[in-house]
Amino acid sequence: MSRWEENIRKVIPYTPGEQPNQPDMIKLNTNENPYPPAPGVEKALREMDTDTMRLYPDPTAGELVHAIAKNYGLKDEQVFVGVGSDDVLAMSFLTFFNSQKPVLFPDITYSFYDVWADLFRIPYERPALDENFHIRTEDYFRENGGIVFPNPNAPTGVEMPLEEVEDIIRHNPDVIVIVDEAYVDFGSQSALPLIEKYDNLLVVQTFSKSRSMAGMRIGFACGNEKLIRFLNDVKYSFNSYTMDRTAIAAGVAAVEDKAYFDETCNKIIETREWTKKELKALGFSFQDSMSNFIFATHKTCPAKELFEALRGQHIYVRYFQKDRIDNFLRITVGTKEEMQKFIDFLKDYLK
Ligand code: PMP
């Protein structure tokens with residue numbers, strides 16, 4: 001080993017979900033939206049003047065910030081945008097979680113949190129979910145250096161009622177509480193209305209799921225103006241021009257089409273409910289999911305076996321080789337036709 005290896009920063013990297021490239025695949029493994037983005041997105045991209053590519057984009061991504069703020073009834077100063085919510089969350093960890101006290105997030109949650117905490121040298125503790133995969137609010141009433149959790153949680157899909165989210169925020173006025181709402185648009189209650197009431201709340205959302213734009217990389221955070229200012233200070237010190245011109249134009253078009261957004265979210269919710277019924281009839285069990293995925297275990301057939309059998313048919317779902325959840329599959333809700341094929345295969349396989 002070279003001497004320098006002892007001193008450099010080493011991390012155990014995050015493992016992104018598999019991105020297979022099969023023309024006939026049914027892709028239910030990384031919680032993307034099966035429907036195309038709003039029609040206005042294509043129009044906005046076609047109308048872009050490529051000559052503007054010579055010029056740096058607006059470092060504040062002001063148009064996109066404004067469109068998001070308007071959509072949620074907020075001031076522009078209450079909105080921060082980034083390259084996917086991963087970027088927004090990483091910036092938020094860097095900005096807000098620097099105390100000597102441990103940051104708290106659940107044991108069984110989005111696996112990027114501990115990676116960022118390790119990368120940024122932030123101490124953390126992970127209170128375990130209860131036996132039904134619910135977050136116990138009382139675990140978050142102790143001394144800490146900040147709190148982050150997804151609502152609904154991932155990969156479980158379980159929603160925490162808004163009163164409990166508020167309890168956690170109220171009990172922790174001296175630290176920042178980040179509610180990661182990547183999956184909130186599929187029927188859950190958002191904590192966004194609480195940002196007027198609590199200056200320690202940051203709500204993070206993404207265009208990757210409900211707005212069908214995972215490939216464009218747009219995420220945002222909403223909070224008190226002071227929080228957003230601190231976030232922007234860190235971002236500008238780090239990398240000012242992260243939102244490129246295409247993402248800004250496409251993002252604005254996506255936010256402005258409210259009817260299309262409602263229609264696709266409703267279709268996914270409907271298909272999710274249909275898939276839940278079918279899975280139950282086939283001997284699967286799961287906590288009620290409020291997201292665009294279902295986290296399910298089968299009463300007799302091991303998850304790993306099912307994962308491999310499905311993959312043999314080019315049906316990709318997510319399997320985590322991790323304690324407590326290694327007999328579960330996380331199944332993204334696709335189109336009704338995709339889910340029908342998925343269920344038909346399971347019916348045949350589990351016969
Ligand atoms: N938070 C959670 C809970 C997620 O599951 C994901 C998706 N992997 C993200 C944030 C990040 O999504 P994106 O960077 O595409 O906005």
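The values are calculated or read from the model by the stated rules, or taken from the named source; none is laboratory data. Not measured: the values here are computed from a predicted model. With ideal geometry, Cβ positions are generated from the backbone for all residues, glycine too; neighbour counts draw on all protein chains shown. Side chains included, ligands, DNA and RNA excluded: accessible areas come from the protein's heavy atoms. Shrake-Rupley method; radii C 1.70, N 1.55, O 1.52, S 1.80 Å.
In summary, V88 fulfils each of the numbered conditions (1) away from the ligand (no atom under 14 Å from the Cβ); (2) at pLDDT 95 or above; (3) of a type in the set (A, V, I, L, M, F, W, C); (4) part of a helix (DSSP H, G or I) with the single exception of condition (1). Only a single criterion out of (1) assigned to a strand (DSSP E or B); (2) surrounded by fewer than 17 Cβ atoms within 10 Å (Cβ to Cβ) is not satisfied by D344, namely (1).
Every condition in (1) more than 26 Å from R211 (Cβ to Cβ); (2) open to solvent by 30 Å² or more (accessible area, probe 1.4 Å); (3) within 16 Å of the ligand (Cβ to nearest atom) is met by Y110 except one, and the failing one is (1). Residues in the stretch 125-160 that are of a type in the set (V, I, T) and outside any loop (DSSP other than H, G, I, E, B) were compared, and the one that is surrounded by the most Cβ atoms within 10 Å (Cβ to Cβ) is V148. Picking from residues in the stretch 193-215 that are within 11 Å of the ligand (Cβ to nearest atom) and aliphatic (A, V, I, L, M), the one that is farthest from D87 (Cα to Cα) is M213. For the stretch 170-178, the criterion of being in a loop (DSSP other than H, G, I, E, B) and either without any contact (Cβ under 8 Å) to a residue 24 or more places away in the chain or within 15 Å of the ligand (Cβ to nearest atom) (or both) is satisfied by no residue at all. What residue, among those in the stretch 70-80 that are in contact with an Asp or Glu (Cβ under 9 Å, 6 or more places away or on another chain) and either within 16 Å of the ligand (Cβ to nearest atom) or more than 14 Å from L202 (Cα to Cα) (or both), is least open to solvent (accessible area, probe 1.4 Å)? Ranking the qualifying residues of the stretch 70-80, first place goes to N71.
Residues that are modelled with pLDDT of 95 or more, within 16 Å of the ligand (Cβ to nearest atom) and of a type in the set (D, E) within the stretch 17-51 comprise just one, E32.
Results for (1) touching a helix residue (DSSP H, G or I) at 6+ places or on another chain (Cβ under 8 Å); (2) among the aliphatic types (A, V, I, L, M); (3) open to solvent by 70 Å² or more (accessible area, probe 1.4 Å), shown as yes or no for each residue.
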residue	(1), (2), (3)
A296	yes, yes, no
L310	yes, yes, no
Q313	yes, no, yes
Y319	yes, no, no
I331	yes, yes, no
Y349	yes, no, yes
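Remark: pairs (first residue in the stretch 141-154, farther than 17 Å from A221 by Cβ; second residue among the aliphatic types (A, V, I, L, M) and within 9 Å of the ligand (Cβ to nearest atom); Cβ separation under 8 Å; 6+ apart in sequence or on different chains) = A154/A182.
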